[in-house]
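The values are calculated or read from the model by the stated rules, or taken from the named source; none is laboratory data. Keep in mind the model is a prediction, meaning the values are calculated, not measured. Here Cβ is always computed from backbone atoms with ideal geometry, including for glycine, and neighbour counts include all displayed protein chains.
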């Protein structure tokens with residue numbers, strides 16, 4: 001869901017930072033020092049780490065604060081939104097149903113959801129459950145995420161199921177990896193239709209409760225207590241700021257779970273124990289063949305080019321990213337929502353698992369990689385490569401580049417010659433086939449724009465150049481200001497507009513480029 005996070009995962013900007021060369025298991029003191037050193041470099045409020053090795057939890061600890069206001073400390077039971085690391089819970093939930101004979105991975109989606117409709121009739125008729133989970137639909141990255149991003153929209157599952165017919169594919173079906181959230185929400189709906197239970201209730205009953213992930217929850221509203229909940233923060237403006245709690249999605253199958261270091265260690269142990277859990281590993285969550293299915297590459301990606309890791313393959317399984325490092329299979333995934341970031345990494349050949357959680361973005365992606373990959377590198381016998389310095393430079397350059405672009409836009413707005421436009425030519429109601437209506441109107445003397453279905457997307461619209469306006473949303477929890485580029489009729493009146501993000505660093509879930517708004521009413 002966070003663009004930076006996905007880039008780090010896909011292109012593997014792996015990090016290693018220690019005070020000295022370290023081989024094999026890091027001590028508690030070394031991990032403590034690593035986290036504290038990393039937190040000194042990256043602006044994050046709180047952080048939590050869990051490590052499992054050889055069937056045991058060997059480290060679970062919190063650092064920093066749950067909130068910069070309360071100053072309450074993070075511990076191993078502090079809950080964070082794990083965001084897209086929820087996807088693996090969805091695939092395991094489906095795997096349970098497959099093992100019970102209630103569905104098959106190759107079943108067509110339309111068998112369970114007749115309303116489901118893709119951009120092409122062939123794709124619609126041949127789209128199977130596996131396709132929902134493997135990011136190979138042919139749609140662009142994050143297509144349709146504006147239906148729940150930013151939160152607070154009024155879209156329902158009934159709006160979502162046929163929405164894919166309105167998107168233009170960017171690749172041939174099943175040929176290319178492009179990250180998709182909405183299709184996981186469809187997978188959550190299949191679970192509901194097969195079991196009669198919501199995704200939230202099914203995952204709670206069949207996964208969280210058996211694994212005794214007692215402090216975790218499938219939704220914000222389902223947390224037993226919010227006394228040990230980390231607040232979301234952003235460092236996007238150079239200092240830490242608290243963000244509102246993330247509201248519920250249509251369902252949580254793409255990113256709804258809240259969990260903590262201790263509970264996520266239990267989750268990793270179940271996977272490293274090949275689906276076995278409980279006292280003496282007598283209980284089974286899923287079978288060995290199912291694990292092989294989850295950890296099989298379904299969509300190929302580029303392998304890590306870093307020669308230190310000698311990687312040969314990479315790809316996406318069912319809710320997990322898969323690759324190899326130094327001859328060891330690595331299973332991982334990242335997650336990101338406004339103010340929250342997470343990473344889960346397992347190396348089954350070493351019987352090793354690491355989870356890191358933070359309540360801060362933008363720099364959460366840097367620190368979760370720094371801590372995770374320092375620990376990984378120690379087990380792989382790799383020397384310090386100053387990855388923390390390299391990633392710090394990466395973020396500084398990235399932020400500087402983005403700031404340069406956006407500053408130039410707003411400076412151009414200040415000096416733009418407005419005499420050549422008539423603002424009344426743009427006022428009216430416009431409609432997109434899937435996102436619904438947006439209105440351009442006057443608010444006092446200022447031209448303004450608002451979305452009817454996503455109330456956080458509203459703000460002043462200022463002339464930039466030609467037929468383009470720059471929008472500064474009232475929602476500033478993330479960097480998502482946008483251009484509105486109008487088309488005119490023969491009389492110079494606006495008859496539609498398209499959009500795109502202003503900053504090159506905009507999160508991919510702000511998929512403004514997928515909108516095609518046509519005027520439906522003049523004001």
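Hey, residue 139 hits all of (1) under 10 Å from residue 118 (Cα atoms); (2) surrounded by fewer than 22 Cβ atoms within 10 Å (Cβ to Cβ) but one; which does it fall short on? Of the numbered conditions (1) under 10 Å from residue 118 (Cα atoms); (2) surrounded by fewer than 22 Cβ atoms within 10 Å (Cβ to Cβ), the odd one out for residue 139 is (2). With the requirement that a residue be touching a helix residue (DSSP H, G or I) at 6+ places or on another chain (Cβ under 9 Å), over 29 Å from residue 400 (Cβ atoms) and part of a loop (DSSP other than H, G, I, E, B), what does segment 224-243 give you? 226 - this is the single residue of segment 224-243 that is touching a helix residue (DSSP H, G or I) at 6+ places or on another chain (Cβ under 9 Å), over 29 Å from residue 400 (Cβ atoms) and part of a loop (DSSP other than H, G, I, E, B).
For segment 92-124, filtered to residues that are free of Cβ contacts under 8 Å to residues at least 60 places away in the same chain and touching a strand residue (DSSP E or B) at 6+ places or on another chain (Cβ under 7 Å), the residue that is surrounded by the fewest Cβ atoms within 10 Å (Cβ to Cβ) is 106.
Of all the listed residues (250, 257), the sole one being at pLDDT below 95, within 19 Å of residue 84 (Cα to Cα) and either buried (at least 19 other Cβ atoms within 10 Å of the Cβ) or not assigned by TED's automatic domain parsing to the domain that holds residue 323 (or both) is 250.
Please tell me if residue 146 is crowded, with 21+ Cβ neighbours inside 10 Å, outside the structural domain of residue 336 (by TED's automatic domain parsing) and either under 20 Å from residue 109 (Cα atoms) or touching a helix residue (DSSP H, G or I) at 6+ places or on another chain (Cβ under 6 Å) (or both).
So residue 146 does not fit the description; no.
Looking across segment 362-419, just one residue is touching a strand residue (DSSP E or B) at 6+ places or on another chain (Cβ under 8 Å), more than 24 Å from residue 233 (Cβ to Cβ) and not in a helix (DSSP H, G or I), and that is 416. Taking the listed residues 436, 428, 496, the one that is within 30 Å of residue 118 (Cβ to Cβ) and touching a strand residue (DSSP E or B) at 6+ places or on another chain (Cβ under 7 Å) is 496, with no other qualifying. Here 325, 343 are screened, and the one residue that is in contact with a strand residue (DSSP E or B) (Cβ under 6 Å, 6 or more places away or on another chain), at negative phi and at pLDDT 95 or above is 343. Only one entry in 75, 54, 32 is in the same structural domain as residue 238 (by TED's automatic domain parsing), in contact (Cβ under 8 Å) with a residue 24 or more places away in the chain, over 25 Å from the mean Cα position of the chain (by Cα) and within 30 Å of residue 241 (Cβ to Cβ), namely 32. Answer with yes or no whether residue 66 is surrounded by 17 or more Cβ atoms within 10 Å (Cβ to Cβ) and at pLDDT 90 or above. So residue 66 fits the description; yes. Counting residues in segment 12-25 that are modelled with pLDDT of 95 or more and crowded, with 21+ Cβ neighbours inside 10 Å gives zero.
A residue that is at pLDDT below 90 and on the phi < 0 side of the Ramachandran plot occurs somewhere in segment 42-50.
In the set 320, 313, 286, only one residue is surrounded by fewer than 17 Cβ atoms within 10 Å (Cβ to Cβ), in the same structural domain as residue 50 (by TED's automatic domain parsing) and modelled with pLDDT of 95 or more; that residue is 313.
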